[in-house]
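The values are calculated or read from the model by the stated rules, or taken from the named source; none is laboratory data. Just so it is clear, the model here is predicted, and its values are computed rather than measured. Cβ placement follows ideal geometry from the backbone for every residue including glycine, while neighbour counts extend to all protein chains displayed. Heads up: the accessible areas ignore ligands, DNA and RNA and are worked out on the full protein's heavy atoms, side chains in. Shrake-Rupley method; radii C 1.70, N 1.55, O 1.52, S 1.80 Å.
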There are 2 protein chains.
Amino acid sequence: MARASTTSDAFNAVAEPRRREILSYLAGAERPVGEIVAALGLPQPSISKHLRVLHDVGLVRMRCQGRQKLYRTNAAAIRPLHEWAGTFERYWQHQLDRVKELAEATVRRSSPDLNSAQMKDKEK
Amino acid sequence: MARASTTSDAFNAVAEPRRREILSYLAGAERPVGEIVAALGLPQPSISKHLRVLHDVGLVRMRCQGRQKLYRTNAAAIRPLHEWAGTFERYWQHQLDRVKELAEATVRRSSPDLNSAQMKDKEK
DNA sequence: TTGACATATTCCCATATGGGTATATTGTTT
DNA sequence: AAACAATATACCCATATGGGAATATGTCAA
């Protein structure tokens, strides 16, 4: 077998940089495809394809208005991603604490002169 | 051209479900490859390949200990992902507000009897 | 109805993937 | 040195991808 299809979940859909751009662009307001094309500077078929992927996984919503289709980011679908990443928050905080401790220990070990010099550096 | 390579950034690396599992498994403590293999029930070469991808993008750290290599999740590398997703937080909150308003409006429009019946439903 | 406009779909292609199996590599123990 | 343990690589394959170009579909206007 090959890789999981891109249409399977939000994680895969969001792995593509252009699609992230589209999501950001469509976050605040709905827009017709043409505007997205103009804004991102990609060929129209390419945008349509990305929109299809995003729509399939529920990351965007679509509404027809005359001959144009208005797309808009469905932010709620990004939430699971945010929550998954948030799972690691406590760990990266631990890491930061350790880095901090290490830095402080290093400072304590160095000479007072060098020490105050470093402090000055940090202040600016 | 084809898709962006998986080793390019954290977003791509994390798109693979198995790799997410590995990251979760290695979040709390460092483990030798063998344990990961046992824990996830995947063939060893497969695990090694995923670890390589994760290591290339900085999502895991590695340390040699005798003949085994200890891997551990580098949570800090997941942070950008969390922050990107967090960018949309205010939008999904708006959405929730709108859903809430809509629901309340609907309830106001329905009969008091039906209304209390629905409340009971929600309570169980 | 005939056009013009806005999007979507189809085809073809180069390439990256992940899985499986076999094998190489490196460190350890006897 | 030799056998062994723990990992990493190499290879092959089926498949999903994204891009580009051409074309289909659907909608409004004259």
Report task. Restrict the check to region A:20-41 and report whether at least one residue is without any contact (Cβ under 8 Å) to a residue 12 or more places away in the chain and within 11 Å of DNA strand D (Cβ to nearest atom). Result -> yes
Report task. Within region A:17-27, count every residue that is facing another protein chain (nearest Cβ under 7 Å) and among the acidic types (Asp, Glu). Result -> 0
Report task. Name the residue, out of B:GLY28, B:GLY34, B:GLY58, that is at pLDDT below 95 and more than 24 Å from A:SER8 (Cβ to Cβ). Result -> B:GLY28
Report task. Scan region B:28-82 for residues that are open to solvent by 60 Å² or more (accessible area, probe 1.4 Å), within 16 Å of DNA strand C (Cβ to nearest atom) and within 14 Å of chain A (Cβ to nearest Cβ) and jot them down. Result -> B:PRO43, B:LYS49
Report task. Among the helices (runs of 4 or more DSSP H) lying completely within region A:1-89, list those that include at least 3 residues that are among the β-branched types (Val, Ile, Thr). Result -> A:33-40
